[in-house]
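Let me begin by presenting the structure, written as structure tokens, before commenting on it.
The values are calculated or read from the model by the stated rules, or taken from the named source; none is laboratory data. No experiment lies behind these values; they were computed from the predicted model shown. Using ideal geometry, Cβ is built from the backbone for each residue, glycine included, and neighbour counts are taken over all protein chains shown. Heads up: the accessible areas ignore ligands, DNA and RNA and are worked out on the full protein's heavy atoms, side chains in. Shrake-Rupley method; radii C 1.70, N 1.55, O 1.52, S 1.80 Å.
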Amino acid sequence: MSVSDDDIRNMLHETFLCLDAEDYDAYLELCGPEFRYRITAYSPELRKDQVWLDHDREGMTELFGNIQFHVRLPGKFFRHGHVYRIERDGNGSAKALTSMVLHYTEPEGDSRVFALCRYHDDIDLSTGTPLLASREVRLETRQLGTGSHIPM
Amino acid sequence: MSRTAQQWMETPALPGSDYVDSQIYTDPHIFEEEQKLLKRATWKLACHESEIPELYDYRTLDHAGFSIIVTRSGDGNIRAFINACSHRSATILSEPAGNAKQWMCPFHNWTYDTEGNCTSITLPEGYEEAGVCKEKAGLREVRNGMKFGLVFINLDDDAPSFDEFFGDAFETLEDVMGAEPLEVFHHHKAMMNANWKTWHETNMEFYHEFLHYVNRNIAMSHKSYFERRLKLYPYGHGTVPPMQQTYERAGLKERTDKPLPGMSPSEFRIALLYPDTCILVRTTAIRIDTTTPISPNLTLVEQRGFGIKGEPEDVRNVRVRDHNQFWGPFGRNFPEDGNAVEIVEKNLRNGAAPYGIFARHEDLKCMDDALIRTFYDEWGKYMGRPAHNPTNVTL
């Protein structure tokens with residue numbers, strides 16, 4: 001069964017919606033068994049790339065499970081993503097590039113931009129259902145205030 | 001029993017050293033005086049030498065209202081200067097880091113070398129009558145001192161020397177940070193809606209660690225956590241004895257792999273450097289934070305993570321992973337501390353709470369507020385006013 005670009009795009013949009021809803025189980029269902037998640041940023045101070053988070057599926061499961069125990073930002077995140085590009089490699093996988101704006105809304109209703117970034121995704125198409133094999137969140141915004149327990 | 005407005009505003013029935021007036025966090029005049037009297041007179045962490053590894057590398061930073069350049073000059077020595085042209089005070093270097101043998105002011109093209117000499121003045125003949133020449137137009141050099149490769153600066157030429165100021169304050173870290181050259185692998189900045197002292201208080205008082213889910217489990221579940229005794233040093237520095245933690249109690253992997261020199265598995269150490277720097281070591285990784293006050297209620301927090309210079313990639317990856325687990329913008333603890341200082345500022349901003357209480361006395365056991373009392377004792381010396389009564393100056 002072939003996987004269309006729309007199928008891929010829909011899966012990616014679902015990952016945005018799952019994180020917005022803080023439905024981490026549903027998010028992980030969209031990820032493959034070897035899922036790897038990274039947040040990276042370039043530091044002009046160090047003149048080097050940095051890794052700010054790097055987890056496999058087990059690590060993400062643990063991270064998601066612990067969010068409930070933390071004193072965390074009380075508001076909600078909304079992701080506004082646009083999938084710029086989907087490229088297939090012909091071997092049952094694809095790469096997708098998404099531009100993402102993450103908004104944060106305080107409980108009182110005041111919203112602000114939290115971060116700008118791009119998602120560099122690898123997608124496994126081999127089962128006939130697109131699965132997120134890896135996601136690198138490449139941050140443009142590096143000052144993130146108090147930070148967040150919730151991945152981007 | 002709740003209190004009336006009058007009761008709420010009453011001076012606490014405590015010794016002056018046991019509380020502070022909230023105006024020290026909010027008053028713009030006090031903030032300006034802190035910049036001049038305290039920040040410019042104390043030693044400030046500027047960067048690590050690994051951030052300027054090559055000749056002519058430089059870093060810029062803001063400190064106490066000034067832009068500063070730290071460079072590895074052509075002769076190999078580390079120097080610091082105020083980042084202001086001798087001509088009209090324009091900022092010379094605007095990038096946070098770079099490499100250049102000559103620095104040219106973008107306003108009128110006066111140039112300087114990395115030893116602070118003015119090397120050329122545009123159309124110099126026009127200054128001959130007035131006697132202005134490049135030989136008299138060098139940059140303003142700033143004192144610097146170094147420990148473990150950490151570069152500190154001091155804007156006050158008459159302040160105590162680096163060695164006198166810090167004394168033995170680094171002693172708990174000698175075998176860890178002094179064994180091999182270090183390298184910064186993590187740097188991030190975070191603007192907090194908070195006074196700079198409130199942030200540093202989260203480093204100095206351990207009472208707040210009930211806030212941290214992970215710390216409650218891995219550290220505070222040990223009796224030895226509470227038995228550790230604070231060690232206070234001259235000039236307001238402090239350390240806490242090392243302790244073993246149990247990461248598995250928070251569902252985390254024990255830190256037995258790739259410990260830093262001198263560190264045993266799952267060991268934790270901390271050193272507080274007056275007035276605004278904290279060094280934390282968790283077995284495999286080092287975090288150092290420092291702050292730049294922007295205004296009374298706005299602070300730039302700067303965090304660095306360290307590994308051993310030249311270590312294999314697999315070892316470095318462990319350090320980065322372990323660093324990020326607690327620290328950095330997506331760590332377990334950093335967002336909790338950030339949230340705590342911001343909810344304090346929210347009430348201090350408009351005077352909702354007149355005093356802060358630091359009255360825990362436990363014979364220097366770790367829940368004692370002694371580090372903060374020492375901090376504010378030093379603060380009073382620099383500021384010429386006590387923190388508990390900063391507007392009615394009677395020391």
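Roll a 1.4 angstrom probe over the protein heavy atoms and tell me the percent of accessible area of chain A that is carbon or sulfur.
Ligands and nucleic acids excluded, carbon and sulfur reach 48 percent.
Could you check which residue among B:E129, B:E342, B:E302 shows the biggest mean-square fluctuation in a GNM of chain B with a 10 Å Cα cutoff?
Looking only at B:E129, B:E342, B:E302, the biggest GNM fluctuation is shown by B:E129.
Highest GNM mean-square fluctuation, chain B, Cα pairs closer than 10 Å: which of B:I343, B:I24, B:I270?
Looking only at B:I343, B:I24, B:I270, the largest GNM fluctuation is found for B:I343.
Determine the per residue accessible area of the range B:44-158 with all protein chains present and a 1.4 angstrom probe, expressed in square angstrom.
In whole numbers, the range B:44-158 has 46 Å² accessible per residue.
Calculate, for the range B:164-383, the solvent-accessible area per residue in square angstrom, rolling a 1.4 angstrom probe over the heavy atoms of the protein chains.
33
For A:48-56, what's the mean count of beta carbons from other chains sitting within 10 Å of each residue's beta carbon?
6
When the helices in chain A are scored as -39500 (n - 2.57) per DSSP H run of 4 or longer and the sum is shared across all residues, what 222 nm value do you end up with, to the nearest 500 deg cm²/dmol?
-6500 deg cm²/dmol, from helical runs alone.
Return the average number of partner chain Cβ atoms within 10 angstrom of each residue Cβ along peptide B:335-347.
3
Counting only protein heavy atoms, what percent of the accessible surface of the range B:143-297 is carbon or sulfur at a 1.4 Å probe?
Reported share for carbon and sulfur atoms: 49 percent.
Ballpark to the nearest 100 Å², how much total accessible area do B and A bury together, probe 1.4 Å?
Using a 1.4 Å probe, the pair buries roughly 2800 Å².
How many nm is it between the label spots at B:R349 and B:D157, if each spot is 7 Å from the Cα in line with the beta carbon?
It is 4.2 nm.
Pop a pseudo-label 7 angstrom from the Cα along the beta-carbon direction at both A:S99 and B:E135 and give the gap in nm to one decimal.
5.8
Identify all lysines with a Cα-Cα distance to B:K381 below 29 Å; exclude those on the same chain that are fewer than 8 residues away in sequence.
Cα-Cα hits under 29 Å: B:K36, B:K39, B:K44, B:K147, B:K197, B:K231, B:K346, B:K365.
Under 5 Å between amide H atoms, partner at least 5 residues away or on a different chain: which partners does A:L53 have, H built in plane at 1.01 Å?
The list, which skips near neighbours in sequence, is A:I39.
Could you give the nm distance between label points at A:K76 and B:R88, where each point is 7 Å from its Cα heading toward the beta carbon?
That separation, rounded to one decimal, is 5.3 nm.
Per residue in the range B:73-106, which ones lose no less than 10 Å² of accessible surface when going from chain alone to all protein chains (1.4 Å probe)?
Output list: B:P96, B:A97, B:G98.
Quick check for you: which residues of the range A:119-135 have the amide N under 17 Å from the point 7 Å beyond the Cα of A:N91 toward its beta carbon?
A:122-127, A:133-134
Mind checking the angle between helix A:57-67 and chain A's longest principal axis? C-alpha axes, 0 to 90 degrees, to the nearest 10.
The angle comes out at about 30 degrees.
Please give the charge dipole size of the protein assembly as shown, origin at the Cα centre, charges +1 on K and R Cβ atoms and -1 on D and E Cβ atoms. Round to the nearest 20 debye.
In debye, rounded to 20, the protein assembly as shown gives about 320.
Return a whole-number percent for the relative contact order of chain B, with Cα pairs under 8 Å and 6 or more residues apart as the contact set.
Value for chain B: 20 percent.
What are the residues of the range B:278-327 that lose 50 Å² or more of accessible area, with a 1.4 Å probe, going from their chain alone to all protein chains?
Output list: B:N324.
Calculate, for B:E180 and B:E54, the FRET efficiency according to 1/(1 + (r/R0)^6) with r their C-beta to C-beta distance and R0 25 Å; round to the nearest 0.05.
0.80
Any chance you could get the radius of gyration and Dmax over the Cα atoms of the range B:44-158, in Å?
14.2, 49
Straight-line reach from A:K95: which lysines have a Cα under 29 Å away, not including same-chain ones fewer than 8 places off?
Leaving aside lysines fewer than 8 places away in the same chain, those within reach of A:K95 are A:K48, A:K76.
Fully extended, how many nm does the chain gain between B:S224 and B:H29 (0.36 nm per residue separation, minus their Cα-Cα distance)?
Computed gain between B:S224 and B:H29 is 65.9 nm.
Would you kindly give the portion of the calculated P(r) for the protein assembly as shown that falls above 37 Å, as a percent of all Cα pairs?
Counting every Cα pair in the protein assembly as shown, those more than 37 Å apart make up 38 percent.
Could you work out the relative contact order of the range B:164-383, using alpha carbon pairs under 8 angstrom and six or more residues apart, expressed as a whole percent?
Answer for the range B:164-383 is 28 percent.
Please work out the FRET efficiency for the pair B:Q244 and B:D314, using the Cβ-Cβ distance as r and a Förster radius of 22 Å; give the result to the nearest 0.05.
0.35
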